[in-house]
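Asks: Input: one structure, supplied below.
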Amino acid sequence: MYEDFKCGFICIAGVPNAGKSTLTNALVGEKVSIVSWRPQTTRNKLLGIINGEGYQMILIDTPGIHEARNKLGQYMMRSVESGLKDVDGVLYVIDATRGLCKEDYTFLENSVKKAPTVVALNKQDAVTRETLFACLEKLNGLTGLTAIVPISAKKEENLEPLREALLGLLPQGAPLYPEDEYTDSSMRFMATEILREKALYLLDKEVPYGIGVAINKFEEREDKPIVDIDADIVCEKQSHKAIVIGKGGATLKKIATAARKDLEQMVGEKVFLTLYVRVKDEWRDSDYLMHELGYDLKDLKDD
Ligand SMILES: Nc1nc2c(ncn2[C@@H]2O[C@H](COP(=O)(O)OP(=O)(O)OP(=O)(O)O)[C@@H](O)[C@H]2O)c(=O)[nH]1
Ligand SMILES: [Mg+2]
């Protein structure tokens, strides 16, 4: 029945802020992954599923490749490794506004030895033609790449040739996920990510990097189409707690209002959101506290 059907995994990798999550969302056509202008927005590997005519392409969005400075960073880099394992192809994203960096060369040199590798030269909308061509020239000088496609993930430019190039990497096979699914993330997980995204936008300086979110309650009322969500916004220092709350609670209220809108869209019902702010000292270096916030190295061990 699925003789002519194609199905496979493509891992999306790149340095922080390259536009991997924006591209994942654009290709899937749904918001699978949160996006922000801050580096290290994505912390887990996430699936985005494209159900096309005669194929199912499973994209794995991953955290930006960087040198880990704490246990959370180690978890993130382990997520990248795990995402790259046994895939049918790699989609490596480069930020044209930044140009090719050392990490890009190192990654690509190794990647082509392991899996077919396609490069998306992203943010073409934000550079001059000269800059774009200079990047393309450098990429053309590299050996072993399957395709190089200049794109704008944000403006959804040139995504069709990219999709075609990736489609060429998929093996024949039956779909692995139901055709109406676009991610395997749970609503609970998506809720933590939505809250974290709003915190990334509304908080300043180093505060957002130490934010974690734990959902304590996620329940639909029996008598009304209302979902009650109670969540902890966790920060690393007492001084950060005051910043998260803001003057007279103003910042926390802004986070809640922005998040509630997205949460209601996600669940398709009214949401009652209750937020608490808690301090967990240095949680990004504690296995126990990281586990509480959903970042557990053990979850990645057998991948
Ligand atoms: N101008 C422009 N900006 C883009 C484009 N794609 C992404 N961006 C912006 O780049 C920033 C980073 O985007 P993300 O998608 O979060 O990048 P990422 O690679 O997933 O980042 P990490 O998860 O931190 O590794 C955001 O501000 C995006 O709006 C693009 O095609 N053009
Ligand atoms: Mg990301």
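Read-outs: derived from the displayed coordinates by stated rules, not from any lab. None of these values were measured; they are calculated from a predicted model. Note: ideal-geometry Cβ built from the backbone for every residue, glycine included; neighbour counts use all protein chains shown.
Asks: I need the phi-derived Karplus couplings for segment 29-35: 6.51 cos²θ - 1.76 cosθ + 1.60, θ = phi - 60°, integer Hz, Gly and Pro marked x.
Replies: x, 9, 7, 9, 10, 6, 10
Asks: Could I have the simple spin-label model distance between residue 279 and residue 189, label points 7 Å from Cα toward Cβ, reported in nm to one decimal?
Replies: With each label point 7 Å from Cα toward Cβ, the separation is 3.2 nm.
Asks: Counting Lys and Arg as +1 and Asp and Glu as -1, what is the net charge of the other residues whose Cβ lies under 13 Å from the Cβ of residue 122?
Replies: On the way: positive: 20, 98, 123, 154, 155; negative: 95, 104, 125, 156, 157.
Every neighbour counted, the sum reads 0.
Asks: Where the only charges are on Cβ atoms (+1 Lys, Arg; -1 Asp, Glu), what is the dipole of the chain about its Cα centre, to the nearest 20 debye? Spell out each step's value before the answer.
Replies: Values: 40 positive and 48 negative charges, 273 e Å.
It works out to roughly 1320 debye.
Asks: Ok, one more. Lys and Arg at +1, Asp and Glu at -1: add these up for the other residues within a Cβ distance under 12 Å of residue 26 and post the number. List each step's numbers first, then the result.
Replies: Numbers: positive: 20, 31, 154, 155, 163; negative: 30, 61, 156, 157, 160.
Computed value for this residue: 0.
Asks: State which entries of 198/270; 102/154; 198/247; 85/154; 20/155; 31/261 exceed 22 angstrom in Cα-Cα distance in the structure shown. Numbers along the way, then the final one.
Replies: Numbers: 198/270 19 Å; 102/154 25 Å; 198/247 18 Å; 85/154 28 Å; 20/155 14 Å; 31/261 14 Å.
Long pairs (Cα-Cα over 22 Å): 102/154; 85/154.
Asks: How much length is gained on full extension from residue 130 to residue 180, taking 0.36 nm per residue of separation minus their Cα-Cα distance? List each step's numbers first, then the result.
Replies: Numbers: separation 50, 0.36 × 50 = 18.00 nm, distance 4.20 nm.
Gain on extension, residue 130 to residue 180, equals 13.8 nm.
Asks: Sorted by mean Cβ packing within 10 Å, highest first, what order do the peptides 170-183, 272-285, 118-131 take?
Replies: Values: 170-183: 13.6, 272-285: 15.9, 118-131: 19.0.
Packing order, densest peptide first, comes out as 118-131, 272-285, 170-183.
Asks: I've got another one for you. For segment 6-167, place one equal point scatterer on every Cα, skip the solvent, and apply the Debye formula. What is log10 of I(q)/I(0) at q = 0.08, 0.09, 0.11 Å⁻¹?
Replies: Debye output, listed in q order: -0.20, -0.25, -0.38.
Asks: Considering all alpha-carbon pairs of segment 182-303, what whole percent are spaced by more than 25 angstrom? Could the numbers behind the result be given before it?
Replies: On the way: 1887 of 7381 pairs.
Of all Cα-Cα distances in segment 182-303, 26 percent exceed 25 Å.
Asks: Calculated FRET efficiency, residue 291 and residue 38, Cβ-Cβ r, R0 30 Å, to nearest 0.05?
Replies: Values: r = 24 Å, r/R0 = 0.81.
Taking R0 as 30 Å, the efficiency between residue 291 and residue 38 is 0.80.
Asks: Further question: In whole Hz, what ³J(HN,Hα) sequence does segment 193-201 give by Karplus (6.51, -1.76, 1.60; θ = phi - 60°), x for Gly and Pro?
Replies: Coupling constants for segment 193-201: 5, 4, 5, 5, 4, 5, 5, 4, 6 Hz.
Asks: Could I ask something else about it? Mind listing the phi-derived Karplus ³J(HN,Hα) values for segment 11-17, rounded to whole Hz, using 6.51, -1.76 and 1.60 with θ = phi - 60°, and x for any glycine or proline?
Replies: Whole-Hz 3J(HN,Hα) from phi for segment 11-17: 9, 9, 10, x, 6, x, 6.
Asks: Run the reach check for residue 237 against aspartates and glutamates, Cα to Cα strictly under 13 Å, same-chain hits fewer than 8 apart removed. What comes back?
Replies: 206, 281, 282
Asks: Taking a quarter of the surface of the convex hull around the Cα atoms of the chain, what do you get in nm²? Display every interim value, and only then the final one.
Replies: Working: hull surface 69.4 nm².
Taking the Cα atoms of the chain, their convex hull projects to 17.3 nm² on average.
Asks: Starting with the fewest neighbours, write out 101, 235 ranked by other beta-carbon atoms found within 10 Å of each beta-carbon.
Replies: The most exposed by this proxy come first: 101, 235.
Asks: Next question. Report, by chain and number, residues whose modeled amide H sits under 5 Å from the one on residue 278, excluding near sequence neighbours (fewer than 5 apart, same chain).
Replies: Close amide H contacts, sequence-distant or interchain: 233, 234, 235.
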